[in-house]
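The values are calculated or read from the model by the stated rules, or taken from the named source; none is laboratory data. As the structure is a prediction and not an experimental result, all values here were calculated from the model. Note that we place each Cβ from the backbone using ideal geometry, even for glycine, and neighbour counts take in every protein chain shown. We work out accessible area using only protein heavy atoms, side chains counted, and drop any ligands, DNA or RNA first. Shrake-Rupley method; radii C 1.70, N 1.55, O 1.52, S 1.80 Å.
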Amino acid sequence: MKIRGLGLCIAAIVVALATHIAPGPTPAASGRTLGPSFAADAIQTAASAAELARLIGAFESRAKDHTDSLDLTFLAKLYLQRARSTGDLGSYTQAGEALTRALALAPDDPDARAVLARLRYATHDFAGARDIAASLFASDPTDPGAAALLGDAALEVGDYAAASQRFEALSRAFPGAAAVDARLARLSFVTGDPDAARDRAARANAEARAEGAFGVDLAWYAHLEAQVGFDRGDYEAAAASEREALAIAPGYHVAEAGLARAMAALGQTAEAIAWYGRAIDAMPQPDYLAALGDLYAISGEAGRATNAYDTVEAGATLSPSSARLYDRQLALFYLDHDRHLDRALTIAEAALGQRPDVYGYDIYAWSLYKAGRYDEAAAASDRALATGTPDARFHYHAGYIALARGDAPRAKAELGRALAIGPAFDPILAGRARTMLAWLEALG
C-alpha cells in the first residue's frame, strides 16, 4: 500500500507540473533518421497512457468514497490531460464537473481556480480564462501559471502587445524554459518573424527533451516545430518533425494529421490519405475530414470526397461542443467548398467577436468576399495582414478580394506572395492560385 501510495504521489507531481505551465493550447520523408532514444520515449509514452487511465480510475473511486477538494481538483487535471492526449471532448465535461464539486467545497482554492482557468482556455472561453488568471495574478504576482495564461489569452484574442509583455517577462524569469520559448515561437510567427519562430520552436523542442518531458507533452513540441516548418513552406522539415513526434507518441492524432498535410504538400497523396485516416480514427475533427475529402477529390474519388464532406456537416449538427470548439475550421470548410455561405458568415462573425485575432479577421474577410461584400472584405483582410503574419492563406484570400474589387496589380502581388510562402499550402487552393496568377500575368 505504501508503494502504491508513493506511485500515486509521484504521478500526481508529474501531472501537476505538466498542467501548471502547459506548453500551449491550439502539418516524401526527408531521409532523416531517428536516434535510439526515441524507442525508449515511445515505451514511456505507452506506459504513461496506461498510468493515466489507472490514475483516473483510482481518483474516480476516491471521489466517490471521499468528498475532498484536492482529489477532485487532481481528477480534473487528469481529465484535462486525457483530453489533451486523445482529443476526447467528453473529458472536458468531466473536468468541469469535477471542478464544480471541488470549488463548492473550497471556493477560494487557487489550484482549483487555476485548473478551471486552463479548462476555460482549452474550451475557447478566452475571456473567462483571462478573468480567472487575472484574479489569481492579482493575488500572487509571482504565479508563473497565471502570468502564462494571461499571455495565452491575450495571444488568442489578438492583443499581441500584451502577450509579448507577459511572455518576455516569463522568459526573463525562466530562461531556457521550453514552455516559454514555445509561446514566443507562436508570437514571433504571428507578428511577422518566421525565422525567429523556427529558431524558437527548435529551441523549445530541445529544451523540452532536456527538461525530461515525454509522451504527448514532448511530441507537442516536435509538432510545433513541424507546424512552423509547414507554414514557412519547408515541407520536408515539417514531415521529419511530425515523424519525430510520432516516434515519441505513436498514435498522436495531431501529428498524424500534420504528417498527412506535409505528405500532401510533397505530392504523396496516397500516403497523406492513409495518415489522415489514422488521425480521423482517433479524432474525427472537421479540418481532418475536410482535408481528406479534398485529397479524394483531386484523386478522382468523388464519392469518397462527398462522404468525407458530409461527415463534417453531420458532426457539426450532432455535436454542438465540437461545432463550438472547431467553429473556424467549420466556417473555412463551408467557404472553401461553397456550402452554407450564410451560415459560414454567421459563424465567422460570432467567432471574431469571441476571438479577434488575425486568423479571425482572415476568415471573416473570406466570408464577406463569398457574400459579395468586397469592400468590407478588403478592410477585414487588411486587418488580418496588419501584423505581417506570413500565412499563405491570408495572401490567397487577399488576392481574390483584390481581384473582385478590380485591383489586378494587387491581386497578382498577393497571389504571388501566397505561392512564395507556401507553394503547396493547400492541395486545391494552391493550384487555383497558380492558375489565376498565370491568367493575370497573361493579361499583362
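Would you check which residues across segment 415-431 are part of a helix (DSSP H, G or I) and open to solvent by less than 20 Å² (accessible area, probe 1.4 Å) and list them?
Answer for segment 415-431, where residues must be part of a helix (DSSP H, G or I) and open to solvent by less than 20 Å² (accessible area, probe 1.4 Å): 415, 418, 421, 429, 430.
Which members of segment 345-380 meet the condition of being among the small types (Gly, Ala, Ser), buried (at least 16 other Cβ atoms within 10 Å of the Cβ) and closer than 18 Å to residue 323 by Cβ?
Across segment 345-380, the qualifying residues are 348, 351, 360, 367.
Any residue that is aromatic (Phe, Trp, Tyr) and buried (at least 23 other Cβ atoms within 10 Å of the Cβ) - is there at least one of those in segment 90-98?
no
If you scan segment 317-333, which residues turn out to be surrounded by 15 or more Cβ atoms within 10 Å (Cβ to Cβ) and hydrophobic (A, V, I, L, M, F, W, C)?
Listed by number, the residues that qualify are 323, 325, 330, 331, 332, 333.
So for segment 261-279 (the condition being aliphatic (A, V, I, L, M), modelled with pLDDT of 95 or more, under 16 Å from residue 202 (Cβ atoms) and buried (at least 23 other Cβ atoms within 10 Å of the Cβ)), does at least one residue qualify?
Here is the first cut: in segment 261-279, the residues aliphatic (A, V, I, L, M) are 262-266, 270, 272-274, 279.
From what is left, the residues that are modelled with pLDDT of 95 or more are 262-266, 270, 272-274, 279.
Those still in the list that are under 16 Å from residue 202 (Cβ atoms) too: none.
Among the residues of segment 261-279, not one is aliphatic (A, V, I, L, M), modelled with pLDDT of 95 or more, under 16 Å from residue 202 (Cβ atoms) and buried (at least 23 other Cβ atoms within 10 Å of the Cβ), which makes the answer no.
Among the candidates 8, 70, 17, 105, single out the residue that is open to solvent by 60 Å² or more (accessible area, probe 1.4 Å) and modelled with pLDDT under 85.
17
Can you name the residue in segment 72-119 that is of a type in the set (Asp, Glu) and out of contact with any helix residue (DSSP H, G or I) (no Cβ under 8 Å at 6 or more places or on another chain) and is also farthest from residue 216 (Cα to Cα) among such residues?
Taking the candidates together, the pick is 108.
List the number of the failed condition for residue 219; all other conditions in (1) farther than 30 Å from residue 175 by Cβ; (2) crowded, with 24+ Cβ neighbours inside 10 Å; (3) within 15 Å of the chain's Cα centre (by Cα) hold.
(1)
Give 287, 336 a once-over and let me know the one that is open to solvent by 20 Å² or more (accessible area, probe 1.4 Å), more than 19 Å from the chain's Cα centre (by Cα), closer than 23 Å to residue 397 by Cα and of a type in the set (D, E, K, R).
Every option except 336 fails the conditions.
Can you tell me which residue within segment 127-144, out of those that are open to solvent by 10 Å² or more (accessible area, probe 1.4 Å) and under 20 Å from the mean Cα position of the chain (by Cα), is farthest from residue 70 (Cα to Cα)?
127
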